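Okay, structure first, notes after.
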Amino acid sequence: MLVILTNIPTPYRTAFFDAVAAACAREGQGFHVLYCAASEPGRHWPYRPEAMRHPHTLLRGIHPRLHGISAHVNPGVLAALRQLQPTTLLVAGAWNTPTMLLAGCAGIPCRRVFWSEGHADAVLNPSGLIAWARRHAYRSYDAFAVPNGRSAAWAELQAGEPKPTWALPNAIDTDFYRPAELAAKAAARRALGLPGRGRVLVQVGALTERKGPLPLVRAFLGLPSGTRGEATLALVGTGPLEAELNALSAVSAGAVRLFGHRDPAGVREILHAADTFVLNTFLDPNPLSPIEAGACGLPLVLSARAGNVAELIGASGLGIAIADPADPTEALRVALGWSDAELAALGRKARAATESAFSVIAVAADLVSRTR
C-alpha cells in the first residue's frame, strides 16, 4: 500500500495522483491520499471530490495561520495511517507542518519518504534552532523524492549522510498542455484582446516580491523601442503588488497587460496566445509553470533562482536563464531577438523535453515501480 500525505488538493497534484492510482491498479497495489485540508487562504482551486479518480481522505483538523503559512494540525492522521497500514508513506508537504510531524509517530513499520522540493537558495532559516529541527526531521526519513538536482543535494546535506533518492519531478498532463496551431493561437489572442502582431511574453505567478514581476515590468518597459518593438508582456496572477503593476500597465500604452487569476484552462489559453514564457522569480524551489509552458511549445526565460533551471535551461537548453532577477534586461533582450525560426525550434524542443520527462503517466509509473 502506497499512502501519500499532502497539504491540499491542487489541480496538478490531483491529476498526478489520478495517474498514480491507475498505475497502482495495474500493478495490483493499494493506494490512498490523505489531505490535510480542502484549501488554504490565497488558493483559488475548488475541492471537487467528484472529479478526483484516486481514493483519498480529507482529514479533519484545525488550520492556524503562522507568519502567512497554513500550519495544518490533523490528529486523525495517526488513526488513518494505522488503518491503512502503508508499506510506503510519501510525505509531500513542508517538513515542519504539524500533521507531517505527527505522521512520524504512527508507529507503523513502513518506508518513510519525504518529497522534498527545497534547496539551499530557497531556505528561509539556514541556521539556528529551526535549522537544527529541520535536520532532525530530515534524518527521520528513510529516503527522499526530489524534483531536481539541487533538491537532491539539499536533502542529502540535511540528512547528514547519503540516503536513497528518487527522481520525482512535478508532472503535468501533456495532453492538456500542448502546443496550439496557428489558427488557435490567433483565436486566443483575439479572445484575450491581445494584438495580432508583435511578440507576446507571459509570466504566470503570484504578484508578489518573490516572483519578481516589478523588476520584470520595469526592465521590459525600459528596453529601447527598437528592441521591444510591438511586444506585449502579459502577467497572470494576483497578489499584493497588483495595484502598483496596474499603475505601470496604465502608462504602458498597452505594452503590459494584467489578466488576474486564471483556472488551468485560462492559463492554457494565455500560453497558447504567447510566444515566450518568462519567470523572473527570486525564490522558487521547483516551479511548475515553466514546465506547463514548455509543454505548450514555448521557449523559456527562466530565473537562475528557480530550482529546476539546471534541468530546463542548463541541461535541456529550452531557452535562456536570467542571471539576476533584479535586472532581467539582458535576458529579455536576447529573447526578443530570437527569430521566428529560432522560436519555433526552441518550442519544438521544449515540447519534446517536457513530454518525455514530465508526463504524469510516465512519472507516476516510475514512482510506483520504486514502491513495489
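Some notes on this structure:
- For segment 238-336: rounded, prolate or oblate by the Cα gyration tensor [a/c cutoff 1.5]: prolate
- Between segment 244-282 and segment 63-82, the Cα center-to-center distance that results, in Å: 35
- Antiparallel DSSP beta bridges within the chain, percent to nearest 5: 5
- Normalised convex hull volume, the chain, alpha-carbon set, Å³ per residue: 136
- Residue 361-residue 44 pseudo-label distance in nm [points 7 Å out on the Cα-to-Cβ vector]: 3.1
- Peptides 17-26, 305-314, 71-80, ordered by how many other C-beta atoms sit within 10 Å of their residues on average, highest first, read 305-314, 17-26, 71-80.
- Average accessible surface area per residue within the chain, 1.4 Å rolling probe, Å²: 43
- Simple rule: put +1 on each Lys or Arg Cβ and -1 on each Asp or Glu Cβ in segment 198-337, find the dipole, and look at 287, 207, 331; the Cα lying farthest toward the positive end is 331.
- On full extension, the segment bounded by residue 87 and residue 372 gains 101.7 nm, given 0.36 nm per residue less the C-alpha separation.
- Per-residue SASA entry for residue 47, accessible area with 1.4 Å probe, Å² rounded to 10: 70
- Only DSSP H runs of four or more residues enter the estimate; each adds -39500 (n - 2.57), and after division by the residues of the chain the mean residue ellipticity at 222 nm equals -11500 deg cm²/dmol.
- Partner lysines whose Cα lies under 21 Å from the Cα of residue 185, excluding those fewer than 8 positions away in the same chain, are identified as 349.
- On full extension, the segment bounded by residue 230 and residue 352 gains 41.0 nm, given 0.36 nm per residue less the C-alpha separation.
- Contact order normalised by residue count of segment 171-298, Cα under 8 Å, 6+ apart, percent: 37
- For the peptides 118-126, 284-292, the ranking by packing is 284-292, 118-126, with the highest mean count of neighbouring Cβ atoms within 10 Å listed first.
- Each residue, residue 163 and residue 341, gets one label point 7 Å from its Cα in the Cβ direction; the gap between the two is 5.2 nm.
- Folded to 0 to 90 degrees: helix 11-27 orientation relative to the chain principal axis, Cα: 50
- Efficiency of FRET between residue 58 and residue 136 - r from beta-carbon atoms, R0 35 angstrom, step 0.05: 0.75
- Carbon and sulfur %, accessible surface of the chain computed with the full protein complex present, 1.4 Å: 56
- Principal axis dimensions, largest first and in whole angstrom, of segment 61-168 by Cα: 36, 33, 22
The values are calculated or read from the model by the stated rules, or taken from the named source; none is laboratory data. All of these numbers come straight from a predicted model, not from anything done at the bench. No Cβ is skipped: glycine too gets one built from the backbone with ideal geometry, and neighbour counts run over all protein chains shown. In case anyone asks, the SASA skips ligands and DNA or RNA and just uses the protein heavy atoms, side chains included. Shrake-Rupley method; radii C 1.70, N 1.55, O 1.52, S 1.80 Å.
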